[in-house]
Each structure stands twice: as C-alpha cells, then as structure tokens.
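The values are calculated or read from the model by the stated rules, or taken from the named source; none is laboratory data. Predicted model only: the values in this text are computed from it and were never measured. Don't worry about glycine lacking a Cβ; one is built from the backbone with ideal geometry, like all the others, and counts go over all protein chains shown.
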Protein chains: 2
Amino acid sequence: MSQYKAPLRDLEFVRNELLGMDSFYASNAQWNEVSNDLSSAILEECAKFCENVLTPLNSVGDEQGCTLKDGKVTTPDGFKEAYQQFVEGGWPSLEAPEEFGGQGLPKSLALAATEMVGTANWSWGMYPGLSRGACHTITEHGTDEQKATYLHKLTDGSWTGTMCLTEPHCGSDLGLLRTKAEPNDDGSYNISGTKIFISSGDHDMAENIVHIVLARLPDAPKGTKGISLFIVPKFNVNADGSVGERNTLECGSLEHKMGIHGNATCVMNFDDAKGYLIGPENRGLNCMFTFMNTARIGTAIQGLAHAELSYQNSLAYAEERLQMRALSGAKAPEKAADPIIVHPDVRRMLLTQKAFSEGGRMLIYYIALFSDISAQAKDDEEKERFENLLAMLTPIAKAFMTETGFEAANLGMQIFGGHGYIAEWGMEQNVRDSRISMLYEGTTGIQSLDLLGRKVIMSGGKLLQDLITPISEFCDNTSDDDMAEFINPLKTLLAEWQTLTEQIGASAMSNPDEVNAACVDYLMYSGYVIYAFLFARSAKVSKVKLAEGTTEQAFYEAKVYLARFYFQRLLPRTASLALTMTSGVENLLDDAVNPF
Amino acid sequence: MSQYKAPLRDLEFVRNELLGMDSFYASNAQWNEVSNDLSSAILEECAKFCENVLTPLNSVGDEQGCTLKDGKVTTPDGFKEAYQQFVEGGWPSLEAPEEFGGQGLPKSLALAATEMVGTANWSWGMYPGLSRGACHTITEHGTDEQKATYLHKLTDGSWTGTMCLTEPHCGSDLGLLRTKAEPNDDGSYNISGTKIFISSGDHDMAENIVHIVLARLPDAPKGTKGISLFIVPKFNVNADGSVGERNTLECGSLEHKMGIHGNATCVMNFDDAKGYLIGPENRGLNCMFTFMNTARIGTAIQGLAHAELSYQNSLAYAEERLQMRALSGAKAPEKAADPIIVHPDVRRMLLTQKAFSEGGRMLIYYIALFSDISAQAKDDEEKERFENLLAMLTPIAKAFMTETGFEAANLGMQIFGGHGYIAEWGMEQNVRDSRISMLYEGTTGIQSLDLLGRKVIMSGGKLLQDLITPISEFCDNTSDDDMAEFINPLKTLLAEWQTLTEQIGASAMSNPDEVNAACVDYLMYSGYVIYAFLFARSAKVSKVKLAEGTTEQAFYEAKVYLARFYFQRLLPRTASLALTMTSGVENLLDDAVNPF
C-alpha cells in the first residue's frame, strides 16, 4: 500500500520563494488578508486530512471499486464518510466566491489543496474535482437564478457536479454528438441521449448531482456550431431550493477500466430528463470550454500527483531494499548488501521522478498564479496577455505533465523490480491510475493540435512570443557566471524553438497535415523547454539563498542539484524531438504507399 | 477483446528472404530435410491453433485469473483443454532432440511457433514456455539418468517445468539466497526454503511439474559461488518413470498482480522436498544461466508479442473509428467524419508500433539463426564467434524489445482514446500484461549492466567489435545510391557507438560507477542501432525484389517505407541518448550532496 506525506516544504518553496505568491496576495486588495501564516495553516490542515483519511482509502478504492445495484451506485467503503469530513471541513469552498458561500481564497492557494487531495487518492479527489468545473461554468455562463439555485450547494459540497460530453461514437469530435434537447413550454428542455465515460456520474456521497450536458436543439446547425449546454440535475430542485423529484436520468452501467476504480465512470442515460439551457443557444461548446479548461488543469495535476506518489514510495523502498554492492565498492559493508539507492541507475530513476514531480509543481502554480493575476488584471491588455499565457500553457501542462507523470509512475514501479508488479505495494495501481490522464479531457494528440495548430500557428506565432518573452527576460536578467550552465542552454533552446516553429509553420502553408505530423513532438519539446526555464529559476533562487546563508543548506543544494540533473539528463531529449518534428509528413502519409 | 491474425507473410520474409534460413537449413546435414514447404505447413497449422484456440482464451485468462484452493491451483476455463490440444498436436516437441522424443527441428523454426503462441495469449504460453528452459538445462547439465527420467515427459508435454530463483529478499542479487539443500544417504537432497514469483509454479494442466531450484549445500561458500542447482519434481518419479508420491512442496499463495492473470505466479514452499543435484556442486548459477538465457530470449519475444497485438488491433480500430476531418481536407466526405487513420499523428503511433514489432521480429530470428549456426559450428573459433554475438544480443533483445514493446502497447491503447482504458477492448490488458516484461528475467537495468559492464567493457571492447563487424561489412557491401539514406546514417552511428564506448570505458577506469550511470542509455542506443541495421537490410532486400519485378509490390514498398519511417522518426532518439549517457555519474551521485 502506498504512503503519502504532503510536500509542504516544497509547496512553500514553489508558491512563495519561486513565484512570490505571498507578495502578490499582500499587494492585492482582494487577498491582502491572505497572509503566509493563514496559507500555511490551511495547507497543514489539508495535509493531515489527506495523509490520514484519504491515503488509506486509496488502495481500498482500487480493490473494491464502485458497484451498481438497482440503479444506485455505491462507492468503496469509507469514501462517503471521508467526503462528509471534507464537506464539514469546508474544503470544497476554498476558492468559491463569497456571495455563494465560498471563502474567496485565491485559486493558486486552493490548487495546493487539490494537489494534495489528488496525490493522496486520485479516484476520490475526482468527486469534488468535477464540482469545481461545474461551479466555474455556472458562475461564468449561468443566469442569476441558476447561480442562486446551484452555486451554494455546489460550493458547500452538499451537491457535486459532472461534465457530460462524450457519446459512444464521439469523443474528440464533439461535432458528431446526438443527444437531443426538446424545448418545453415552461422554458425548460427535455434531454434525451446516452453519454459515456461520465466520471463521478452517479454515487452515494452527495444528496444531488448537477450534470452539465452538451445536447442539440431541434433544427440546430450540424457540427460544433449546433451544440447547446444544459444543466440537468439528478433530482429536480424545488422552488425553495430543496431537493425534489428524481429526474429521468440514470446510470445505465459502470465501465470496467484499467484503474481509478474508486471513481464511478458511468454510462448515463437521459430519457426526457428535465434540463435548463445555460449560455446562448448553439454556443454550448464555447461555454463548455470553461469546464474543459478547468478539467485540463485538473488533469495536469494528475501527472504531478502520480509522479510525486511514485517518487515518495520508490525512494523509501530504494533506501531499504538491499541488493548487490556498488560497483565502486561496498557502501554498507555491515549489511548483507548495499541499499539499492547506491546504484547510479536507481538514482537516475529516482531523480527523473523527482524532476517530473517538482517540475510539474512549478508549472502548475506558475499557471495558477497567472489565473489569479488575470482575474485581477488592471486593464484589458494585461488580461489578454495573461489569458494568452494560459491558453498556451494549458495544453502543454495537460499533455506534458501527464506523459511525464506516467513515465515517473513506471520508473517508480521499476525500482521495486518484480515486487512492483504485485498489487500489495501500490506501485502498479499508481501506474494504472495514471494511464487515464493521457486520454481523458483531450488526448495528448488533441492537446498538441490545440497548441501547435489553433494557438501557435493560427496566431502567426504571437502566442508563442508571449510565452517566450518572460523566459527571455529571465535569461537577460541572469548574468551570474555560476548560472551559465543553465542560462546558456536555455537561450540556445529558445532560439531553436522559434526556428523550429517557423520551419513547421512554413511547411504547413503548403500542407496543413504537417501540423498534425509535428504536433506531439512539438508539444513535448515545448514542455521540456518550459521546465528548463522553471528549473533554472529554481536554481537561481536557491543559489541566492545559499549565498545569503541559510539553515536549510541541504534543501537548497538539492534544488540546484536537481536542476543540473534535469539539464544534463532530461533536457537533452529536445535534441531528438527537434529532429523528428521536422522530418516531414511524408514519412507518415504518402498517397503512393499504403504502409499498413 | 483483442483479435490476432498470425503474421505468416512477415515471418516468411524475415526468416527466408531477409535471413536465408531456408538456404541455411538446406545446406546443413542435420536439417536439409526441413524444406520451406515443411516449415510453412508447420507454421500455418500453428497459426490456426493460436488464432482459433488461444486468442479467445486471452481475455478469459485475464478476467478469471488462477485460483488456489485446498493447495491446488486451477487455471482459467479452457486453459487445460487448450494445453491438451497443444500436446496432442505435438507442439511442445518441435525443437527437442529426437533421442528424447523430439522432432529435432531448428530452434529458429520452433521460435516462430513460440512467437505466435505468445502473441495470441502470453499468459497461457508461459506454461509450455518454462518447460523449454527446463529441457535445455537438463539436456546441457543433467546426468544420463536425469535426462532419461525427465526429458521424454517434458518433451511430449505431459510434464511442465519451472525455474525457482527468486526469494523474498533476493531477486537481482542471487548471492543472498537462503534455500537449503541437505544431502541424504541415497544421493538425493532435502530442499527447504521459500521461492517467490514462480511462474507456472503450480497448475492443473500437466501430470507433473519439474522445478529447477537454486539452493545452498551445507557449508557452501557465501555469495554466488555457493549456490547449487537441483531438480525437484512436484511428484516423485518411480523407477519405471511413472508419477509416484507427492513431494513435500506446495504453492503457498498466488500473487495478485497487474497482469498476466492467466498464469499462476506462485509462492512455492519447499519443506524437505526431495531434490537431485544437477551439474557440479556450487556451480548452480552457471548452470542456471542456460535456463536464464532461454528465458531472456523468451521474454524478448514478449516485447514483440505485445507490440504486434497492439498494432493489429489499433490498426483495425483506426480504420473504423470516424472522428474529425483531415487537416488537409475531408478524405471520406460520404461519412460523418474521416476514419482516424487519415491523421498523421495516428499514423505515427501505428507506424511506431509496426516498426517495433517488425524490428523485434527481425532481431529475434537473427538471434535464433545464430543459435542454430552456433550449435552446428564447424570449429571452436566459429562457435565462439557466434556465442559472442549471442552474449551481446541477448541482453539487448531482452531489454530493448520489452521497453519498446511496452511503448507500443501504450500507443495502441492511445489510439483507442478513452475506449482504450476500458477492459472490453483488450488494449489495457495488453499494456498490463506487457509491463512485467521489463521486470522479470532481469530488469532493464540488470540487462544493461550485463551488456555494458560484463560484456563490452570486461572484454575490452572485443565483444562490441564482434557485433559491429557484420554491420560494417553490410555497409561496405551496400554502395547503391538509393540505399544511401540508410547506409550513411548507419555508418555514422557505428562510429559514434565506438566513440561513446571508448569514452565511457575511459571514465569507468577512474570510477566504476560510471558504468552503472551510463548503462541503460547505452543499451537503448545499441538497440536502436541494431534495428537500424536490420531495417536497412530489410529495405535492401525489398528494393531488390521491387527492381526484379514482383507481384507483391505493395508489400515490398511498405517495407521500404517502414525502414524510412524508422530512420527518420525513431532512430533520432540516439541523439539524446548519446548526450545523456556521457553526461557523467556526478549528476546522479555526488558525495557532497544528498539530492533526495
């Protein structure tokens, strides 16, 4: 069974020392009461809940899974009680607006709770996780009445939410969807159709479930421009806000899947279920992007979560397990063999996991800070600049963090040798749980097309420039000799990144398929460069601390060391990616040859 | 549920057109009756059995797993009956010597049956698979009496075999093992101890099971030089060869594991079980290497098996699944969307799987042919040359084929999107089943140490030279202009491979840990170069066929195309590996910093 200790010290480092969140809060009218002491107290309390309540339920969820009987879904033992504790602790409401009963805290702070919950028990965390997306969607697109009806309950956690997009014949291509919405005289709609892969679609943890559902109005245009968005509650809501009659929708079956067994992945059947239009007719997909972007950041965290869990557990194992002697001579001669952590190849696997975990943490809070800054932007120009950064960083974080999270989960398992394949250690569960993250909320391929096609190329390179600018500025402002090992390669990569982009952009002019042929390598390349920037910043901050004198010398030395490891052992992967992404579409698609 | 169609055409290509097995058999006294017609007939018959009998049992094995009740292990429904058919068809005896009832066919032919069986149903194939290793070990190291007692029954399949190495506290480091062997007056030994992870350790498919067990004699030297090897049958064997009394050993429990559920992975308890020394006292590990090398090649095939299964099933899905339009314009305008195979990124994932499958197939038969040639070598010098090649290629095949097989299994799943995560499609089972291959029979790290440390460096580079020589000769003999796209990069890589080896060898002189720090990247690099050689050969053979005129133009064009894909999209990974493997041990191990 895997263990988890919340990385509070690293969260402090990333949030405040690296990104200066504490000073951002202090300088901001809305959050100047969010002191560092308050943040720390909140996170310490959350850490206890995660370590003591959620972690032990992680393997329970995997073993038991969810069950469907007589139309009702039951979650694994302890899930419901843990949710009750979570609600009583006020955890669902951290970032929600105060007018709906929320605590109005910054997203960048609430995200740390999300990270800890997700790392302790990803399947469990998906139940409250989906509610956040539903809240954001209703807050942004709902009427005042809808906000009044749903947001208090979603905020205090008595109700949860879902997002209902996928149908059996359409996932990435939502333009094909068929679920129908027929208008009623009272302004409501009757929703009919089948949705699949609905995470947290039904369960026994909350008194109501608010489904956010994509469907088509009668005579709606074909394709993505004829899709509208609806709120469809499991139980209708009475005029006084109380839970009323059961709506005509139900979970038809639970999927048998590779992992995340503790989360109910439902086939949801809507049979003239009563629903309410949210946002303008036929603009549902645009509204749903609010939900999807929240979910994409949520899924990015999953990459970090599995990398962190894998790292912590394989580190503990590597320090205990005795096997062979170091090639350079016995390191623990008093024991039957050396602990395997002495072997450089084992350390390579540990440091890779650590780099993907800490790199992911830096990226996700970098994004969260932009999200808070953007919400408080002083003018449209500033808002646009930060939204552009978010638009670029969201697909990179989603795909790069989940791909590297899966790699980390596998490396952690590898350190356990054959024991890693056995259920009792929890490492194989971690691999299985992590595997979904590259698929749902848009596969790695879909994120890559979004990044390279819709954003970089369609903006004529402008969005890339917006992303590169702060990195270039950082390089220009870092002239210390002892930072050259980081700054020089980073500068080279920034130039190469732009050249590669121009090269692909030029080929795409004559053949748009070139974008599809290059996109995944391009996204992975971008991810490695952004992590390089963040690790360089981390090294710079740490070197300053070391130079100033600190009682935490070992902590900051490890930071500098990890940055160096990253630059020397992981960043060189860009060399291969640069070659393959520019190798052209002809080696994938040639009308004259059927290669299959 | 995954489907499987045996790749008979590709087997014909690799075995005969690429490697010339048919002419090798024809020119060889022992096998000159093994005509191409005979080989084809055998493989076609085997293909039917695999497609019709074993494939449908693949998901059954996963769902049901094995059960242990009252000390007896029961295999999934249909496994026993399929084994009976396998035995009746004479399949266990293809390569076994005729004096023990075998058919005396070349290993390189029998291997094709192993490949098909393993691809159709890996868990099932492990039952007869382990018997082969037991046969080889007894054939090579057993006394005449032992051969007479065990080999006929193992050959005809009425008994099966196992290898019992691992104990709870030792896997990679067998020097730590504790199982004891106490001599009896009658020349037998009493074996006591616990072995774990024993594949096919107990089951209901055969009337007896022959365990090949590592144990220590009293007063044996510590470490690996005090280990002896024993034959320990589940049932004692009567003087007339019939099955006698139950021996005092049993399956204590079955492991709950990530995949290969259809195979019984047993904890085996030996409690003064009667055993018989095989090979010299205290030289058991050397004898066991016969078994381990067989098992390593067997596991290498697993990489190929999962890549092939993944490729076949994801190709079928990609041709059917409609989702989005090609960026370059609709390819199937009459349908609601284009089949996803039109998207270059999907084709990249398909071609990667195909390259790892066909590359693995070329490598494994290349090795099998050397094994046959070595067995028939005309003098010691020739034998040594081929054994050196085998010594180098075994760890490369084991680790590289399983790492790339796992990558392929994941790409196949990725093509299915969210559906890939759902059990019913069989793709997630394929990923789970494949994951063990990088762990058992020596992890990727252990294989890499064996390659770089024990072989390349300890031979002063001689073994590497033996491996490179035929590749260099191929390059020198291939001067056609239209092969330059393959030959030029291959020549560059051969030179780089040697330079890298010298560089690491030199650093290892001052610090032996450098070997451990570089080994996995070095092995992966070596694998990519060897596949490049094989793909270049494949392209050359195909170009000759195309130039001569052929009725199978599409087949050979696809071969040339895949080779080009490999060179442009996969081989560039060597660029990163070259950088990381020479980045030095300091970024992994520095006495002044604790990076964890």
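For this structure, a couple of remarks:
- With respect to (1) modelled with pLDDT of 95 or more; (2) more than 9 Å from chain A (Cβ to nearest Cβ); (3) part of a helix (DSSP H, G or I), the lone exception for B:Lys354 is condition (2).
For every residue, the table says whether it meets (1) out of contact with any helix residue (DSSP H, G or I) (no Cβ under 9 Å at 6 or more places or on another chain); (2) assigned to a strand (DSSP E or B); (3) more than 30 Å from A:Val346 (Cβ to Cβ); (4) of a type in the set (A, V, I, L, M, F, W, C).
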{"position": "B:Gly175", "(1), (2), (3), (4)": "no, no, no, no"}
{"position": "B:Asp186", "(1), (2), (3), (4)": "yes, no, yes, no"}
{"position": "B:Asp204", "(1), (2), (3), (4)": "no, no, yes, no"}
{"position": "B:Pro221", "(1), (2), (3), (4)": "yes, no, no, no"}
{"position": "B:Thr224", "(1), (2), (3), (4)": "no, no, no, no"}
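- Options B:Thr299, B:Thr265: the member that is closer than 29 Å to B:Leu451 by Cβ, touching a Ser or Thr at 6+ places or on another chain (Cβ under 9 Å), outside the structural domain of B:Trp425 (by TED's automatic domain parsing) and not aromatic (Phe, Trp, Tyr): B:Thr265
- The set of residues in segment A:415-427 being touching a helix residue (DSSP H, G or I) at 6+ places or on another chain (Cβ under 6 Å) and either assigned to a helix (DSSP H, G or I) or not assigned by TED's automatic domain parsing to the domain that holds A:Val346 (or both) consists of A:Ile415, A:His419, A:Gly420, A:Tyr421, A:Trp425, A:Met427.
- In segment B:266-304, of all residues being touching a strand residue (DSSP E or B) at 6+ places or on another chain (Cβ under 8 Å) and closer than 30 Å to B:Ala112 by Cβ, the one that is surrounded by the fewest Cβ atoms within 10 Å (Cβ to Cβ) corresponds to B:Met292.
- Of everything in segment A:471-522 that is acidic (Asp, Glu) and away from chain B (no Cβ under 14 Å), the residue that is nearest to B:Leu327 (Cα to Cα) is A:Glu502.
- So B:Val593, is it part of a loop (DSSP other than H, G, I, E, B) and within 12 Å of chain A (Cβ to nearest Cβ): yes
- Among strands (runs of 3 or more DSSP E) entirely within segment A:243-286, having at least 1 residues that are touching a Gly at 6+ places or on another chain (Cβ under 7 Å) and modelled with pLDDT of 95 or more singles out A:249-254, A:265-278.
- Looking across segment B:571-596, the residues that are of a type in the set (A, V, I, L, M) and in contact with a helix residue (DSSP H, G or I) (Cβ under 7 Å, 6 or more places away or on another chain) come down to B:Leu571, B:Ala575, B:Leu577, B:Ala578, B:Leu579, B:Met581, B:Val585, B:Leu588, B:Leu589, B:Val593.
- Condition met for B:Gly453 (in a helix (DSSP H, G or I) and either not charged (D, E, K, R) or not assigned by TED's automatic domain parsing to the domain that holds B:Gln498 (or both)): yes
- A:Ala508 vs. criteria assigned to a helix (DSSP H, G or I) and within 29 Å of the chain's Cα centre (by Cα): no
- Matching residues in segment B:102-117 - criterion: being in contact with a Leu (Cβ under 8 Å, 6 or more places away or on another chain) and either in the same structural domain as B:Leu309 (by TED's automatic domain parsing) or of a type in the set (Gly, Ala, Ser) (or both): B:Gly102, B:Ser108, B:Ala110, B:Ala112, B:Ala113
- Filter result for A:Ala134 (crowded, with 21+ Cβ neighbours inside 10 Å and touching a helix residue (DSSP H, G or I) at 6+ places or on another chain (Cβ under 9 Å)): yes
- Among the residues of segment B:404-424, the one identified as of a type in the set (Asp, Glu) and either under 18 Å from B:Thr294 (Cβ atoms) or facing another protein chain (nearest Cβ under 10 Å) (or both) is B:Glu424.
- Extreme residue, farthest from B:Tyr566 (Cα to Cα), among residues of segment A:541-559 that are within 8 Å of chain B (Cβ to nearest Cβ) and of a type outside the set (Asp, Glu): A:Ala554
- Residue match in segment A:513-529 (condition: surrounded by fewer than 18 Cβ atoms within 10 Å (Cβ to Cβ) and either of a type in the set (Lys, Arg) or in contact (Cβ under 8 Å) with a residue 24 or more places away in the chain (or both)): no
- Scanning segment A:317-348 for residues that are part of a helix (DSSP H, G or I), within 10 Å of another protein chain (Cβ to nearest Cβ) and either surrounded by 16 or more Cβ atoms within 10 Å (Cβ to Cβ) or of a type in the set (Phe, Trp, Tyr) (or both) yields A:Ala318, A:Ile340, A:Ile341, A:Val342, A:Pro344, A:Asp345, A:Val346, A:Arg347, A:Arg348.
- Qualifying position, being at pLDDT 95 or above and farther than 26 Å from A:Ala82 by Cα, among A:Phe197, A:Phe235, A:Phe230: A:Phe230
- Complete set of residues in segment A:385-410 that are among the charged types (D, E, K, R) and under 28 Å from A:Val431 (Cα atoms): A:Lys398, A:Glu403, A:Glu407
- Of all the numbered requirements in (1) modelled with pLDDT of 95 or more; (2) assigned to a helix (DSSP H, G or I); (3) closer than 29 Å to B:Asn16 by Cα, B:Leu151 misses one, and that requirement is (3).
- For A:Tyr365, the requirement of being in contact with a Lys or Arg (Cβ under 7 Å, 6 or more places away or on another chain), within 10 Å of chain B (Cβ to nearest Cβ) and not in a loop (DSSP other than H, G, I, E, B) is not met.
- Residue within segment B:118-135 that is in a loop (DSSP other than H, G, I, E, B), of a type in the set (S, T, N, Q) and either at pLDDT 95 or above or more than 14 Å from the chain's Cα centre (by Cα) (or both) present: yes
- Any chance B:Met427 is under 25 Å from B:Pro56 (Cα atoms), in contact with a Phe, Trp or Tyr (Cβ under 9 Å, 6 or more places away or on another chain), within 11 Å of chain A (Cβ to nearest Cβ) and not acidic (Asp, Glu): yes
- Taking segment B:45-83 as the range and being more than 22 Å from B:Ala305 (Cα to Cα) and either free of Cβ contacts under 8 Å to residues at least 60 places away in the same chain or assigned by TED's automatic domain parsing to the domain that holds B:Met427 (or both) as the test, the residues that pass are B:Lys69, B:Asp70, B:Asp77, B:Glu81.
- The set of residues from segment A:560-576 being facing chain B (nearest Cβ under 7 Å) and more than 24 Å from the chain's Cα centre (by Cα) comprises A:Tyr561, A:Arg564, A:Phe565, A:Gln568, A:Arg569, A:Pro572, A:Ala575, A:Ser576.
- Scanning segment A:435-456 for residues that are within 10 Å of chain B (Cβ to nearest Cβ), farther than 16 Å from A:Leu304 by Cβ and of a type in the set (A, V, I, L, M, F, W, C) yields A:Leu439, A:Ile446, A:Leu449.
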